[in-house]
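> My questions all concern the structure below.
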């Protein structure tokens with residue numbers, strides 16, 4: 001056997017001998033035990049099984065080698081994941097299992113000049129993040145946090161979980177709303193009362209009932225009825241709910257008066273369909289995942305982030321037109337239009353459930369609007385506003401979220 005004149009080693013994945021395992025922030029992996037192996041020619045490598053369970057961002061499983069060989073990468077199933085042949089960066093495509101293989105070839109020709117190392121990538125689920133949405137990593141609120149501005153939602157002693165969320169980076173627009181729903185109220189159109197009309201303006205003159213109809217109808221269209229969050233007497237299709245409003249164009253809206261059946265609808269917060277955020281989720285998102293101390297969502301200067309009475313000309317404006325988003329890339333959580341939350345409005349105590357009060361007469365609205373003469377309404381901490389689930393106003397709309405998994 002010809003003796004090698006130089007050593008060549010390759011390590012991929014979790015390396016027990018020569019290397020290390022690393023991944024980009026935001027990915028989630030489980031590693032199995034790695035078994036080092038050696039062959040004649042001083043090639044050593046370790047293999048690891050990587051189970052990727054969240055999202056579809058690219059990542060790199062670091063490779064360590066010795067010698068001056070060239071490394072190339074390949075994926076056995078490109079419908080599960082592709083890999084950059086030169087860099088080893090992996091991009092998730094779909095659910096399934098693939099083998100990612102690195103091949104190192106020495107610049108000289110020896111008996112053992114070409115060696116490989118590989119790992120198995122198991123993709124258990126893929127969540128596609130559509131344009132206009134961002135992923136927000138959740139957290140556990142312990143009740144011991146010190147937040148600035150002081151929160152009236154995350155009060156001392158109140159412990160709750162904020163799940164990983166896919167969040168709309170803008171208020172639902174009129175174009176998005178009318179894809180599935182009709183306006184139960186008549187939008188003002190004469191010049192004197194124009195409150196912001198157009199495809200990219202926020203939907204307004206919608207009530208809380210309308211918002212949940214939109215959530216389920218969009219879920220059915222994009223994800224399937226089994227993913228719907230809201231149901232009445234076990235029925236998830238709002239077109240079958242008693243009291244639904246509709247017209248010849250198959251566009252729907254909710255009741256325009258109090259409806260106790262709708263008020264008692266169930267919400268499955270483990271489902272992955274579109275829904276309204278809870279008040280706790282809304283404030284967590286507005287605060288940039290509780291990472292900032294800005295007074296408003298994205299800045300402490302209101303004019304950078306919010307349309308309110310002093311700068312709005314008394315009408316709403318196209319979404320995402322303020323100079324700054326918050327740190328998560330989300331716009332208009334301060335000003336433009338108030339946003340409905342799931343919760344009944346009520347006092348918050350350490351024992352209040354994560355989804356808010358169990359009963360009430362008004363639903364929570366947050367964030368302030370283009371009519372807010374009191375700047376405090378637009379702050380991330382203000383929670384003195386609420387609205388009946390059936391009234392419709394020109395300064396109130398909503399945004400949607402989804403559970404990430």
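The values are calculated or read from the model by the stated rules, or taken from the named source; none is laboratory data. If you're wondering where the values come from, they're calculated on a predicted model, not measured in any experiment. Cβ coordinates were reconstructed from backbone atoms using ideal geometry, including for glycine residues, and neighbour counts include every protein chain displayed.
> What is the one condition in (1) under 30 Å from residue 126 (Cα atoms); (2) in contact with a helix residue (DSSP H, G or I) (Cβ under 9 Å, 6 or more places away or on another chain); (3) surrounded by fewer than 21 Cβ atoms within 10 Å (Cβ to Cβ) that residue 398 does not satisfy?
The single condition residue 398 does not satisfy is (3).
> So, residue 394, is that one in a loop (DSSP other than H, G, I, E, B), in contact (Cβ under 8 Å) with a residue 60 or more places away in the chain and more than 22 Å from the chain's Cα centre (by Cα) or not?
Taking the combined requirement at face value, the residue satisfies it.
> Here's another thing I want to ask about it. Take residue 335 and decide whether it is part of a loop (DSSP other than H, G, I, E, B), touching a helix residue (DSSP H, G or I) at 6+ places or on another chain (Cβ under 6 Å), assigned by TED's automatic domain parsing to the domain that holds residue 165 and at positive phi.
Criteria met by residue 335.
> Looking only at the range 144-181, which residues are over 22 Å from the mean Cα position of the chain (by Cα), crowded, with 21+ Cβ neighbours inside 10 Å and within 24 Å of residue 318 (Cβ to Cβ)?
Hit for the range 144-181 is 181, nothing else.
> Would you tally the residues in the range 372-398 being more than 26 Å from residue 213 (Cα to Cα) and at pLDDT 95 or above?
Total satisfying the criteria: 8.
> If a residue has to be modelled with pLDDT under 95 and within 14 Å of residue 275 (Cα to Cα) to count, how many in the range 223-247 make the cut?
Selection size over the range 223-247: 1.
Condition check ((1) touching a strand residue (DSSP E or B) at 6+ places or on another chain (Cβ under 8 Å); (2) in a loop (DSSP other than H, G, I, E, B); (3) not assigned by TED's automatic domain parsing to the domain that holds residue 357) across all residues:
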{"position": "270", "(1), (2), (3)": "yes, yes, no"}
{"position": "273", "(1), (2), (3)": "yes, yes, no"}
{"position": "282", "(1), (2), (3)": "yes, no, no"}
{"position": "289", "(1), (2), (3)": "yes, yes, no"}
{"position": "292", "(1), (2), (3)": "no, yes, no"}
{"position": "307", "(1), (2), (3)": "no, yes, no"}
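> Could you count how many residues in the range 343-374 are over 12 Å from residue 153 (Cβ atoms), crowded, with 24+ Cβ neighbours inside 10 Å and touching a residue at least 40 places away in the same chain (Cβ under 8 Å)?
Result for the range 343-374: 6.
> Note down all Cβ pairs under 6 Å where the first residue falls in the range 112-141 and is farther than 30 Å from residue 330 by Cα, the second is outside any strand (DSSP E or B) and at pLDDT below 85, and they're at least six residues apart or on different chains.
Hits for this filter: 112/41; 113/106; 119/13; 119/47; 119/48.
> Then there's this: Please find, within the range 375-391, the residue that is surrounded by the fewest Cβ atoms within 10 Å (Cβ to Cβ) out of those that are assigned to a helix (DSSP H, G or I) and in contact with a helix residue (DSSP H, G or I) (Cβ under 8 Å, 6 or more places away or on another chain).
That would be 375.
> Just checking, how many residues over the range 238-261 are touching a helix residue (DSSP H, G or I) at 6+ places or on another chain (Cβ under 6 Å) and under 18 Å from residue 400 (Cβ atoms)?
4
> Only one residue in 150, 127, 134, 155 is within 20 Å of residue 402 (Cα to Cα) and at pLDDT 90 or above, so which one is that?
After ruling out the rest, the residue left standing is 134.
> Same structure again: Look through 176, 171 and report the one residue that is assigned to a loop (DSSP other than H, G, I, E, B), within 14 Å of residue 400 (Cβ to Cβ) and modelled with pLDDT of 95 or more.
171
> Let me ask something else. Collect the residues in the range 224-268 that are without any contact (Cβ under 8 Å) to a residue 60 or more places away in the chain, closer than 14 Å to residue 210 by Cβ and not in a loop (DSSP other than H, G, I, E, B), keeping them in residue-number order.
Hits for the range 224-268 are 230, 238, 239.
> What do you reckon, is residue 201 modelled with pLDDT of 95 or more, closer than 30 Å to residue 349 by Cβ and assigned by TED's automatic domain parsing to the domain that holds residue 400?
No.
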